[in-house]
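Asker: Pasting a structure below so you can have a look.
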Amino acid sequence: MREMTAEGIGQDVRALRIVSPAYAGRDGELTAVLQYVYQAILLSENGMEELSRALFRIAGEEMRHMQLLGTAITRLGAPPIFAACPPYPVSYYSASCVNYARSAREMIAADLRAERCAIASYRRMLGMLENPAVSALIAAIAEEEGEHLACLEAWAKRI
């Protein structure tokens, strides 16, 4: 696993525009955190403790991605507000972005789609970024998203 850090990131409006949606956009890290926590709680209450723990672990990693992206956004030149494109106070985040599936199969299917979308999004960002420090962070996050995908694919076979 690559080291994840926001070290060396400074003001860069172009990079800011590219990476901001990953923070609190519709398909960003904030949605991932909330969706995994929702699912983990519901699954725990329905006797699926092992899957619940796995999703809580992934939620924690997504939260770390969020913290790193928020730090990067701040260093790139904007406050880390919960909007798709900080610093502009439009398109504030809405919890309606979360998939509120109720069955474990539907949850995992939604999570698989979301992780695939995140990986594709991070790869697109890497193709556009010219800032090496930001690129390194995005590459490290994308790598960990790949690990989440592998974990969820294994769970999809079990349930």
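What follows draws every value from the coordinates through simple rules; no lab data is involved. Remember, it's a predicted structure, so these values are computed and weren't measured experimentally. For neighbour counting, all protein chains shown are included, and Cβ atoms are generated from backbone atoms with ideal geometry for every residue, glycine included.
Asker: Based on Cα coordinates alone, diagonalise the gyration tensor for segment 116-159, multiply each eigenvalue by 5, take square roots, and list the semi-axes in whole Å, largest first.
Answerer: Calculated on Cα positions only, the semi-axes equal 26, 9, 4 Å.
Asker: Please list, by residue number, everything in segment 53-76 whose backbone N is under 17 Å from a paramagnetic label point 7 Å out along Cα→Cβ of Gln11.
Answerer: Zone members listed by number: 72-76.
Asker: Right, next: Please quote Rg/Rh for the chain to two decimal places, taking the Kirkwood radius as Rh and restricting both calculations to Cα atoms.
Answerer: A ratio of 0.98.
Asker: Grab the eigenvalues of the alpha-carbon gyration tensor for segment 1-81, scale each by 5, take roots, and send me the semi-axes largest first in whole angstrom.
Answerer: 30, 13, 8
Asker: So how tilted is helix 29-45 from the main axis of the chain? Cα-based, degrees 0 to 90, rounded to 10.
Answerer: 20
Asker: Which whole-number percent gives the relative contact order of the chain, counting Cα pairs below 8 Å spaced six or more residues apart?
Answerer: Relative contact order here is 31 percent.
Asker: Ranked highest first by average number of other Cβ atoms within 10 Å, how do 135-142, 64-71 line up?
Answerer: The peptides rank, most packed first, as 135-142, 64-71.
Asker: Of the peptides 10-19, 33-42, how do they stack up when ordered by the mean number of other Cβ atoms within 10 Å, highest first?
Answerer: 33-42, 10-19
Asker: Here's another thing I want to ask about it. Can you tell me the FRET efficiency between Thr74 and Glu130 if r is taken as the Cβ-Cβ distance and R0 is 22 Å, rounded to the nearest 0.05?
Answerer: The formula returns an efficiency of 0.65 here.
Asker: Taking Cα atoms, how many degrees apart are the long axis of helix 49-76 and the longest axis of the chain, rounded to 10 and kept between 0 and 90?
Answerer: Roughly 10 degrees between the two axes.
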